[in-house]
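The structure appears right after this line, and notes come after that.
The values are calculated or read from the model by the stated rules, or taken from the named source; none is laboratory data. All of these numbers come straight from a predicted model, not from anything done at the bench. Counting neighbours? That spans all protein chains shown, and the Cβs are built from the backbone with ideal geometry, glycine included. Side chains included, ligands, DNA and RNA excluded: accessible areas come from the protein's heavy atoms. Shrake-Rupley method; radii C 1.70, N 1.55, O 1.52, S 1.80 Å.
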Amino acid sequence: MKHFRYRVFVTATGRKEEGTLAADTMAAAAAALRERGCYIIRLTSAREPSGWMIRRRSLAREEEWALLAKQLAALLHAGIDVVTALHLLAHGRRERLGKALRTAATEVAGGSSLAAALAVQDVPPLLVQLVAAGEAGGVLAENLVYADTYYRMRAKLRRTWQEALAYPALVMLLAAAVGLLSVYVILPVFADMFANLGTTPTGLTAIVLAAAAFAGEALPWLLGLVICLILGGGYALRTARGGKYLAKQGLRLRLYRYLLCARLARVQSLLLRSGLDFTESLRLSAATADSYTQERFAQAQALILGGRDPAEAFRQTGWREEVWLHMLKIGTESGNLAELLQDTALYYEAENARLIRRYRTWLGPLVLLFVGLWVGVLLYSLVLPIMDAILSLEG
């Protein structure tokens, strides 16, 4: 018997609850909590590391989950049984993933369902639920295709962010290198030259040299402060209150908000197509988001179960994305919710891509302009006065 820590939203009372639960598997613990009318916000092993301890590396990346789901669907369509398909897919995989697939095959051969076998192997909960819904409805291969679509979308979005941030990051790195070189190498040399020439810098030259001297002394302290802030932010993300606060602040940024809406709409659309009901799709789609969004979805689910219109329930919890709410209202009234949520995801993905292009277009040139202005200031405030001093000494 294992122990699991849980944090849930009790739909009957509208209050949050947390504690420890004993169960054979995490799937069994989740099922027990749902039977009690709880909306699961977080469910982890009681022995899971916390605080500053490093988490274990994920079993696979998005691309690997997409490929695995696609290959398993192809094998099932070809008429190969699940146990044989899992053994075939285990060949050539990374050691941990291959071992997990072989263990799952053994459990399925022993009478366990594929979803239950995957749930105890560190497989993402969304994939497990898609498999469970597919097994229950006899559409396992089709649901695996949905999983392939979702994880390919996640991988594509991650690559888009990496490509969008690469150019501005390199330009900012260049700007930082120019600034450090100026403060610690170039400006001290010019200060020594003024001293050797026996002249006292005035005006802009004196301001630049004084600012450089101050920056040279303050930069180590500033760097230490930045490192402390980064470590503190990372630790805060690992705590319930800190993660919730940072997620709430992140929702003020359109980039994060649009990305979150696209992910939630995409996941819920896939879950509805897989055969899950609306409230269960809400719970599972929220599980892919931050803790603050999970709590708001829990509150909305409680209102929906109480008979409230879904769009109005989300609006009452503070959700303010009108396009998302409008599509949700039309979808629930027309019975075409899965397709409209798919369109919603495409809309927010397009908006997110547009914002990324805008920031990428302006950020890089602005940083280059700043570097150019700084070099111009150096030339005007240092090189020209030294040239004048040298010419006056020669005269």
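One residue stands out among those in segment 137-164 that are small (G, A, S), under 22 Å from A78 (Cβ atoms) and in a helix (DSSP H, G or I): the one that is nearest to the chain's Cα centre (by Cα), which is A147. Figure legend. Inter-residue proximity from segment 83-99: first residues part of a loop (DSSP other than H, G, I, E, B), second residues loosely packed, with under 15 Cβ neighbours inside 10 Å, beta-carbon distance below 6 Å, spacing 6+ or different chains. No pairs are indicated.
Is segment 117-134 home to any residue that is under 27 Å from A31 (Cα atoms), hydrophobic (A, V, I, L, M, F, W, C) and not in a helix (DSSP H, G or I)?
Yes, the conditions are met somewhere in segment 117-134.
Residues in segment 248-278 that are assigned to a helix (DSSP H, G or I) and surrounded by fewer than 20 Cβ atoms within 10 Å (Cβ to Cβ): K248, Q249, G250, R254, L255, Y256, R257, F278. Within segment 311-349, the set of residues being among the hydrophobic types (A, V, I, L, M, F, W, C) and either touching a strand residue (DSSP E or B) at 6+ places or on another chain (Cβ under 9 Å) or open to solvent by 60 Å² or more (accessible area, probe 1.4 Å) (or both) comprises I330, L346.
The set of residues in segment 100-118 that are in contact (Cβ under 8 Å) with a residue 60 or more places away in the chain and closer than 15 Å to G138 by Cα contains only A115. For segment 309-338, a residue qualifies if it is acidic (D, E) and more than 22 Å from E295 (Cα to Cα), and exactly one does: E333.
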